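What follows is one structure encoded as structure tokens, with my remarks underneath.
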Amino acid sequence: MGAYIVRRLLATFPVMAVVAVFVFLLLRLAPGDPAALIAGDDATSADIDAIRAKLGLDLPIWEQFVLWIADILRGDLGVSIFSNLPVTVLIGQRLEPTLMLMLATLFVAVTLAIPLGVLAAWKARTAIDRIVMVFSVLGFAVPVFLAGYVLIYVFSIQLRWLPVQGYRPLAQGLWPCLQGLILPAIALGTTYMALIARITRASMLEVLAQDYIRTANAKGLATRRVLLLHALKNASVPIVTVIGIGIALLISGVVITETVFNIPGLGRLTVDAVLKRDYPIVQGLILVFAGVKVLINLMIDLSYVFLDPRIRY
Amino acid sequence: MGRTKSVFRGVLLGSVSALFLVHAAATPASGESVLRASMHADVRTLDPHWTTQTIAGIHGMLVYDTLFGVDDELVPKPQMVGDYKISDDRKTYTFTLREGLKFHDGTPVTTNDVIASLKRWGAKDQAARAMMGYVSALEKVDERTFRMVLTEPYGLVLDTLGKTGTMVPIIMREKDAKTEGNAQVTEAIGSGPFRMLKEQWVPGSKTVYVKNADYVPRKEAPSGFSGAKVPRVDRIELLWIADAQTRMQALIAGEIDFLEQPSVDFVPILEQTPNVKVIRTGSVDSHWGTIRINHLHPPFDKPEARQALYHLVKQEDFLQTIVGNPQYYRVCYSFITCGTAYADETGKEQVGDYNPKKALEKLKAAGYKNEPISVLAATDHHTITPASQVLLASMRAAGINVDAVSIDWGSVVARRAKREKPEAGGWNIFVTTSSGVSSLNPALNTWLGAGCEKANVGWPCDEELDRLRAQFAFAGSVEERKQIARKIQERAVHVVPYIIFGQWTQPLAYRSDKIDGIVPVTGTTVFWNIAKKG
């Protein structure tokens with residue numbers, strides 16, 4: 001097990017190297033120029049060239065890449081072209097809102113989706129099953145931004161129960177923080193809830209058809225015990241996989257939710273940096289996202305050992 | 001391992017500071033009056049002279065002060081300057097600073113700071129460069145008095161020092177002003193009415209300012225950028241809310257007090273919302289729309305081909321599409337902002353003659369052989385994108401072979417600087433907008449420049465137009481300037497440095513139950529004199 005973890009961690013380095021090359025080239029080869037954006041409308045070509053030189057963007061691409069990699073190896077993700085702040089500080093500023101949104105969304109999604117999936121599987125091909133599945137399809141189909149606007153209109157504008165936008169850090173108290181997360185977590189969580197509920201149902205149906213479940217039922221075990229202890233545990237590997245993928249997606253993929261609810265997280269930081277061609281931020285973020293995804297995948301794989309004793313590394 | 005630790009340390013440091021320093025301190029003290037304003041962009045840099053972004057100018061006007069400021073009638077009035085004298089030959093200006101001016105770090109503002117700031121700004125801004133081209137000396141007389149000596153009687157010195165919008169001539173500390181022009185000043189220590197709390201700055205989200213208790217406002221009533229700039233709230237939070245609908249809902253719910261640029265689509269909703277007021281910003285329209293033409297490549301290297309494009313533009317179509325409400329727009333055929341002193345609509349019969357069929361005929365007569373016309377069409381801008389689509393529709397309706405290059409605005413900005421032929425990565429046409437105050441006169445309006453390689457992108461090349469612009473700057477009276485402005489208009493209609501598609505005002509909205517005292521100004525937003533109610 002220990003050797004496996006070490007092997008997997010070592011495999012992270014080539015993955016990160018490929019990501020680094022890819023993101024660097026992608027940004028440099030894409031159209032756009034931060035120097036032109038900084039210089040503005042009245043700038044002459046000489047003005048733009050001077051800014052480009054100041055930013056080191058006039059150097060050959062390979063030289064820019066070598067300088068960047070050298071910084072990365074020193075543990076320096078660079079400095080934002082626009083704000084002049086270190087990328088690590090900017091990421092640090094945005095980490096808490098994204099993590100809190102992610103946790104709130106997962107809480108909403110998992111706590112509702114698994115019971116619904118189990119229920120749908122237990123009552124397969126009944127009205128309850130169909131209602132749950134229709135709900136799942138809707139959860140998938142309704143765009144997050146639309147769900148967000150509807151939630152804001154109902155709960156913030158009409159009922160005045162919750163704030164329209166913004167994020168209050170945990171340092172200001174748990175409830176103020178949660179108040180700003182309830183609507184975005186519901187809007188975003190609905191999609192994940194639908195995904196997890198469908199996977200739970202499918203996985204449970206497969207397990208419920210197994211002989212040992214029939215045996216457990218024949219022994220007279222309570223339905224709840226059969227479903228939760230015998231079936232759900234054995235159906236959990238695909239469910240955990242989907243939840244894990246969800247976590248990875250949530251870290252970098254919450255742009256729309258963060259935009260609609262004005263949550264200053266990593267998603268917004270990424271989009272703003274891309275639009276401004278703030279290369280160091282985009283490069284730093286993609287590397288961090290890639291690293292996090294690799295680690296999450298490793299954790300998912302390791303969790304299988306605890307969920308299914310037959311799996312060994 | 002140590003290197004990885006370093007990255008983690010950075011992220012951790014940021015997180016911890018975000019959690020315990022920034023956010024804990026970010027909570028306004030109880031009883032503080034806080035103005036929350038949603039802006040059109042986030043404050044991205046601390047240095048107002050580093051970039052031409054309007055938001056950098058807004059930040060500059062909060063933190064710093066200026067020597068002059070224009071009033072409601074756009075007349076420059078002394079601001080940091082107490083007295084000034086102009087020599088009889090109009091070549092020597094002597095300025096004396098007001099008493100009691102102090103930077104936020106407590107040090108007095110001296111002429112050393114002023115001279116260093118003017119030199120830095122003078123190397124960056126186009127209007128400043130034009131003026132500084134005639135400045136032979138900036139001399140310190142004493143700690144509060146300095147002299148500007150000119151080689152020629154350049155007539156726009158005070159107008160240039162009172163420039164508003166972007167690249168405003170703010171005065172920073174000498175040590176900051178000595179930063180090279182293309183490097184950023186990393187502190188925000190000014191002498192303006194508000195002090196920035198740099199440690200609470202979250203780029204892309206929030207910028208916080210607090211009242212400068214040491215600020216000494218002028219005695220005159222506030223008027224535009226002149227008169228008393230009184231900080232009447234304890235704290236200002238400039239917020240960047242990316243989504244237009246969320247911004248509107250936040251104002252309706254009372255979570256923000258001030259919405260700088262509500263989307264025009266939402267203005268009717270806001271106008272009907274209790275306790276929300278929508279007002280015009282300043283006496284001059286805030287924006288004008290332009291179609292920029294590349295003069296380097298056929299067919300638009302010939303004036304006849306450029307003139308043919310006049311027949312593709314029905315300003316009402318553009319303005320209805322991007323603004324909608326006639327209350328906020330006007331048709332304008334002047335190269336100088338309509339509604340201001342030097343506006344002149346000579347030639348409007350030609351400029352306003354919408355006739356797509358005639359456009360194609362004239363283009364063909366000018367040598368157009370149905371080659372693709374490369375139009376850079378931004379896909380992500382709330383006004384430029386729809387305006388580009390109106391132009392493309394008009395060109396297609398005329399039967400012109402259009403190559404619509406749909407890219408984001410950042411890519412348009414990069415590509416428009418390329419002088420290559422369109423087929424080699426260059427361009428023929430792009431659409432953009434400018435600030436109304438950037439074209440108050442022909443000298444300020446750099447897009448009228450026709451200095452070939454030295455001109456703005458599009459590189460218009462016409463000696464006569466440039467000669468007239470220079471002549472304007474030396475005119476001795478307003479009447480004389482108006483006559484020259486008319487000649488410039490006539491020449492520009494012939495040369496077609498660009499085509500105007502109208503002008504409009506971006507309204508602002510605020511909670512009338514929560515704040516009052518807004519000073520409407522054009523081209524930027526100011527926060528002095530705004531007070532919280534109750």
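The values are calculated or read from the model by the stated rules, or taken from the named source; none is laboratory data. Because the structure is predicted, anything quoted here is derived from the model rather than measured. Neighbour counts are summed over all protein chains in view; Cβ atoms, including those assigned to glycine, are modelled from backbone coordinates with ideal geometry. For accessibility, only protein heavy atoms count, side chains too; no ligands or nucleic acids. Shrake-Rupley method; radii C 1.70, N 1.55, O 1.52, S 1.80 Å.
Annotations
- Breaking point among (1) farther than 27 Å from residue B:361 by Cα; (2) of a type outside the set (A, V, I, L, M, F, W, C); (3) crowded, with 19+ Cβ neighbours inside 10 Å, for residue B:451: (3)
- Within segment B:443-461, residues that are farther than 12 Å from residue B:488 by Cβ reach partners that are among the acidic types (Asp, Glu) with beta carbons closer than 7 Å, at six or more positions or on different chains, in the pairs B:446/A:42; B:451/B:466; B:456/A:42; B:459/B:453.
- Elements of type helices (runs of 4 or more DSSP H) contained in segment A:200-303, each with 1 or more residues being more than 14 Å from chain B (Cβ to nearest Cβ) and surrounded by fewer than 18 Cβ atoms within 10 Å (Cβ to Cβ): A:211-218, A:233-252
- No other residue among B:227, B:204, B:181 is within 11 Å of chain A (Cβ to nearest Cβ) and more than 29 Å from residue A:94 (Cβ to Cβ) apart from B:181.
- Output for segment A:157-189, where each listed residue is open to solvent by less than 50 Å² (accessible area, probe 1.4 Å), more than 21 Å from residue B:205 (Cα to Cα) and within 11 Å of another protein chain (Cβ to nearest Cβ): A:157
- Hey, residue B:128 open to solvent by 40 Å² or more (accessible area, probe 1.4 Å) and aliphatic (A, V, I, L, M) or not: no
- Cβ pairs under 7 Å, 6+ apart, first in segment A:135-149 and surrounded by 15 or more Cβ atoms within 10 Å (Cβ to Cβ), second among the charged types (D, E, K, R): A:136/A:198
- In summary, helices (runs of 4 or more DSSP H) completely within segment B:260-356 and bearing 3 or more residues that are more than 19 Å from residue B:381 (Cα to Cα) occur at B:267-271, B:303-308, B:348-351.
- Residues satisfying the stated conditions in segment A:14-23, i.e. touching a Leu at 6+ places or on another chain (Cβ under 7 Å) and either farther than 19 Å from residue A:60 by Cβ or surrounded by fewer than 15 Cβ atoms within 10 Å (Cβ to Cβ) (or both): A:16, A:19
- The single residue among A:50, A:3, A:11 that is within 14 Å of chain B (Cβ to nearest Cβ), small (Gly, Ala, Ser) and either within 25 Å of the chain's Cα centre (by Cα) or open to solvent by less than 70 Å² (accessible area, probe 1.4 Å) (or both) turns out to be A:50.
- Those strands (runs of 3 or more DSSP E) of segment B:67-117 in which at least 1 residues are open to solvent by 20 Å² or more (accessible area, probe 1.4 Å) and touching a Pro at 6+ places or on another chain (Cβ under 8 Å), considering only elements entirely within it, cover B:81-86.
- If you check B:418, B:362 for being under 30 Å from residue B:468 (Cα atoms), assigned to a loop (DSSP other than H, G, I, E, B) and either among the hydroxyl-bearing types (Ser, Thr, Tyr) or in the same structural domain as residue B:481 (by TED's automatic domain parsing) (or both), only one passes: B:418.
- When the residues of segment A:58-82 are filtered to those that are over 19 Å from residue A:36 (Cα atoms) and assigned to a loop (DSSP other than H, G, I, E, B), the one that is nearest to the chain's Cα centre (by Cα) is A:77.
- Restricting segment A:24-42 to residues that are of a type in the set (A, V, I, L, M) and open to solvent by 10 Å² or more (accessible area, probe 1.4 Å), the residue that is farthest from the other protein chains (Cβ to nearest Cβ) is A:25.
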